[in-house]
Each structure stands twice: as C-alpha cells, then as structure tokens.
Amino acid sequence: MLDNAVNWVEKGDKDFSDFRLTDVRRFHGPCRLYGITFYISNTAHPTMSLFGTTAGFGTGGTSVFGSATTDTHNPMKDVEVTSPPDDSISCLAFSPPTLPGNFLIGGSWANDVRCWEVQDNGQTVPKAQQMHTGPVLDVCWSDDGSKVFTASCDKTAKMWDLNSNQAMQIAQHEGPIKSIHWIKAPNYSCIMTGSWDKTLKFWDTRSPNPMMSLQMPERSYCADVVYPMAVVATAERGLIVYQLENQPSEFRRIDSPLKHQHRCVAIFKDKQNKPTGFALGSIEGRVAIHYINPPNPAKDNFTFKCHRSNGTNTATPQDIYAVNAIAFHPVHGTLATVGSDGRFSFWDKDARTKLKTSELLDQPITACCFNNNGNIFAYSSSYDWSKGHEYYNPQKKNYIFLRNAAEELKPRNKKW
C-alpha cells in the first residue's frame with residue numbers, strides 16, 4: 001500500500017426551485033448501436049439517509065443492494081444511478097451551487113447526454129436527455145445552472161437550455177471536440193473548446209464564429225478552467241497554461257513532468273481560493289502535482305504512482321493502468337483519482353499521503369466528479385477499451401455510482 005510519504009512520493013522524480021426539466025425519459029432493455037447490443041438497468045433503490053455530513057453511507061455494513069459477497073460491479077455498496085447510459089461513460093458534471101439541489105450530467109459513447117436529479121435520500125430521478133450524432137466526450141455547466149454545454153466527436157458543441165429542454169449548436173471544429181469549459185470573467189462570458197484539430201476556440205454562444213481561436217502544437221487531450229487560469233494538455237506530452245483576464249492568451253508552455261501520454265488534468269486552488277497549480281495524470285499510472293509559481297520548484301513539484309497492481313519486482317510484475325480522471329474536493333482541496341484498474345483513490349497532496357483506496361470494481365472507472373459542497377462523489381464504471389476489443393463484453397452494463405464524500409476526503413495532519 002502506498003499509504004505514506006516515503007512510498008507515495010518518488011523523491012526527486014524528475015520524470016517524473018422551480019427547476020423545470022421536461023421530457024422525462026425511462027430506458028429499459030437492450031438497444032442497438034453500431035450493430036452492437038447494449039443493455040441498461042432501471043432499478044429502483046430504497047429510500048435512505050445519504051448525503052449529510054454524518055451519514056454512514058457507503059462505508060461498510062449491510063449492503064442496501066443485497067449480498068455484497070459476489071457483487072463485483074459495486075463492491076463499495078454505493079448508490080447506483082437509475083437509467084445509466086447504454087455505452088461507455090466519458091464524462092460527469094454536477095450542477096453549480098447557484099442551483100437548488102443536485103443535478104448530475106453524464107455524457108457517453110452512445111451519443112447522448114443525460115440529466116438526473118440526485119435527491120437527499122440518495123434516490124436518482126432521470127429528468128431529460130439530448131443527443132449528438134457522435135460520442136459525447138465532455139460536458140460542463142453555466143455558472144447560473146440554467147444551461148449545459150456538450151462536446152462531441154461529431155465536431156460540434158451544443159448548448160442545452162434545461163428550462164426549455166432545447167439544444168442548439170454553438171461551436172464547430174474540424175475535428176472531434178475533446179474538452180468544453182464555461183468561462184465567467186468580469187468583462188466577458190464564453191465557452192472554451194479544445195479539439196483534435198489542434199485549436200483552442202472561444203465562443204460567446206450567440207455567434208457561429210469564435211471570438212478567438214488559438215493554435216496549439218498538438219491535439220487537445222484534456223483541459224481544465226478555474227478563472228483566471230486554464231490549462232490544456234495535448235498529444236506529444238504538450239502542456240500549455242493560459243491566462244483568461246481581459247481576454248484569453250497563452251501564458252506559459254511547460255515541459256511535461258510525466259514521461260507518458262497525458263490523460264487528465266485538474267486545477268487546484270490555494271488557501272485564498274485562487275488557482276495555483278494543477279494535477280496531471282498519465283496512462284502510466286502516475287500523477288504530477290505542479291505549481292505554476294512555486295517558491296521551491298524542485299521541492300514543491302512532485303509526482304506519485306497510482307493505479308498499479310501490488311507487484312513491485314521482476315518476480316511479481318506490476319500491472320500499470322491509466323489514470324482516467326482527477327477531481328479536487330471543493331472544500332478540503334484533497335483529490336480523487338480513478339483508473340483503468342477499476343479503483344478510485346483519495347489523496348492529500350499537501351500531506352503527500354493516500355487517504356483511501358476502493359475495492360476493485362469489475363470494470364474500469366472512466367470519470368468522476370464532486371458535487372458543489374463536496375458531500376457527493378460520483379464515479380462511472382464502464383469499459384474504456386484500454387485492453388482492446390478482446391476484453392469488450394456487451395453483456396456488461398454501465399454504471400454511475402454515488403458515494404458520501406463528506407468524511408473520507410478530510411485532510412490528514414501535515415507531514416514533517
């Protein structure tokens with residue numbers, strides 16, 4: 001177990017509420033997509049006390065889903081979201097604090113975007129869905145919670161007005177759009193889209209033409225925005241930081257602290273709630289913690305291994321898995337990582353220690369997010385094709401799970 005600073009950090013690792021949603025949909029049984037049959041569950045779950053700070057939900061005890069001894073799809077006994085997508089889940093996003101209650105958006109390779117209401121008792125209610133003509137790769141919310149923005153392999157981005165349940169195209173690229181983020185600045189608001197066409201574009205949602213288009217050296221693989229900072233990780237291990245004040249512009253290009261392909265990135269804040277650095281995950285079971293302007297770069301920036309099997313030497317080879325997503329807790333500043341190994345882990349980057357690792361799910365975990373107050377941790381279980389088509393099983397369902405995160409993400413005492 002990598003549960004202390006010595007094991008966790010590679011020292012000197014240079015490689016290192018009238019919310020009106022219409023078109024309520026329920027989904028049952030098999031459906032066909034690209035000639036392959038996918039299955040979906042629509043299981044009702046019992047009412048329970050859930051997302052308060054003292055709820056003991058998902059931390060052991062009797063499973064509300066029956067016997068947990070053979071339940072490999074949900075070993076953590078977490079709440080299953082009703083009517084999950086028909087194909088692999090690519091992205092998850094909770095509603096902002098401006099919206100009463102909790103609403104979860106999920107995008108998938110079945111070309112759809114779905115919205116659920118997450119009730120305080122743990123029940124999830126499917127509210128509506130919208131479609132693209134290609135897989136949905138990313139989603140985000142507007143700051144007021146009235147709109148959802150979606151990015152797709154069909155080379156378009158859409159704006160979904162939740163009050164009218166209407167979606168309209170607001171962006172176009174020459175390649176699939178991998179990332180989408182809402183930017184709320186004092187003097188402008190816009191959508192930022194990063195594409196495999198090697199451009200980063202900014203849209204005001206009212207014009208078919210972008211406000212600005214910035215050329216990148218390579219394809220956008222992942223991005224994050226916390227105003228006034230944006231970071232984009234590209235193919236060929238490119239890493240670019242942008243400043244967003246007045247108007248977006250390139251701030252700095254950074255030599256990657258990781259040796260392998262970038263997979264996910266998440267910005268973290270300092271004690272004053274200002275963005276100060278980012279966590280970058282790669283396909284090689286490793287995360288880099290990188291500060292933009294650290295007092296002591298050699299000491300403050302570091303990498304750590306994660307999402308690997310227990311083998312550590314040639315006698316018992318170690319399996320290494322991709323880090324599929326990273327999310328920072330909005331209150332504590334601790335972080336969650338999820339991986340192709342089928343586990344999630346919680347970390348304290350300041351104490352440089354691991355807080356928790358989940359039991360092994362029978363599928364990779366593809367996406368994760370926290371709700372706005374940090375009480376709910378959502379994560380999705382579905383095949384990520386990391387082992388090729390030979391390991392694809394159309395009989396396996398896709399799941400989104402909800403876990404009480406109020407206690408498990410609290411930071412530890414700082415290390416000496």
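The values are calculated or read from the model by the stated rules, or taken from the named source; none is laboratory data. Computed from a predicted structure; not experimentally measured. Backbone-built Cβ (ideal geometry, glycine too); neighbour counts: all protein chains shown. All accessible areas refer to the heavy atoms of the entire protein, side chains included, with ligands and DNA or RNA removed. Shrake-Rupley method; radii C 1.70, N 1.55, O 1.52, S 1.80 Å.
Using the Cβ-Cβ distance between Asn273 and Thr316 with R0 = 56 Å, the FRET efficiency computed as 1/(1 + (r/R0)^6) comes to roughly 0.80. In sequence order, segment 146-154 has phi-based couplings of 8, 9, 10, 10, 10, 10, 9, 5, 6 Hz under the Karplus curve 6.51 cos²θ - 1.76 cosθ + 1.60, θ = phi - 60°, and Gly or Pro positions carry x. For segment 81-96, backbone phi angles converted through the Karplus equation (6.51, -1.76, 1.60; θ = phi - 60°) give residue-by-residue couplings of 6, 5, 6, x, x, 7, 9, 3, 8, 9, 7, 9, 8, 8, 5, x Hz, Gly and Pro being listed as x.
For segment 91-245, the relative contact order works out to 13 percent when only alpha carbon pairs closer than 8 Å and six or more residues apart are counted.
Per the Debye formula with a single identical scatterer at each Cα and no solvent contribution, what log10 I(q)/I(0) holds for segment 251-389 at q = 0.09, 0.12, 0.15, 0.16 Å⁻¹? So the normalised log intensities are -0.27, -0.48, -0.75, -0.85. Near the amide H of Ile400, within less than 5 Å, lie the amide hydrogens of Val81, Ser381, all on another chain or at least 5 residues away, with H placed in the peptide plane.
Taking amide H atoms as placed 1.01 Å from N in the peptide plane, the amide H of Lys356 lies under 5 Å from those of Phe346, each 5 or more residues away in sequence or on another chain. Set the Cα radius of gyration of segment 343-387 against 2.2 N^0.38 Å, with N its number of residues, and you get 1.32. Taking label positions 7 Å along the Cα-Cβ direction at both Thr205 and Ala235, the computed distance is 3.1 nm, reported to one decimal. Each Cα pair under 8 Å and six or more residues apart adds its sequence gap; the mean of these over the residue count of segment 235-341 is a relative contact order of 20 percent. Per-residue Karplus couplings for segment 240-250, computed as 6.51 cos²θ - 1.76 cosθ + 1.60 with θ equal to phi - 60°, are listed in order as 10, 9, 10, 9, 10, 5, 6, 7, x, 7, 5 Hz, Gly and Pro entered as x.
Spin-label model, Gln395 to Asn293: label points 7 Å out along the Cα-to-beta-carbon direction sit 5.9 nm apart. The lysine pair tally for segment 296-412, using Cα distances under 28 Å and a gap of 8 or more places or different chains, is 18.
For Gln172, the residues whose amide H sits under 5 Å from its own are Ala157, ignoring neighbours fewer than 5 places away on the same chain, with H placed 1.01 Å from N. Counting only protein heavy atoms and a 1.4 Å probe, segment 156-284 has 44 square angstrom of accessible area per residue. Summarising the label geometry, the points placed 7 Å from Cα in the beta-carbon direction at Arg253 and Lys387 lie 3.9 nm from one another.
Measuring only protein heavy atoms, the 1.4 Å probe finds Val125 accessible over about 40 Å². Averaging Cα coordinates gives a centre for segment 96-113 and one for segment 320-371; these two points are 20 Å apart. Where the centroid of each part is defined by its Cα atoms, how far is segment 266-283 from segment 133-161 in Å? Going from one Cα centre to the other spans 23 Å.
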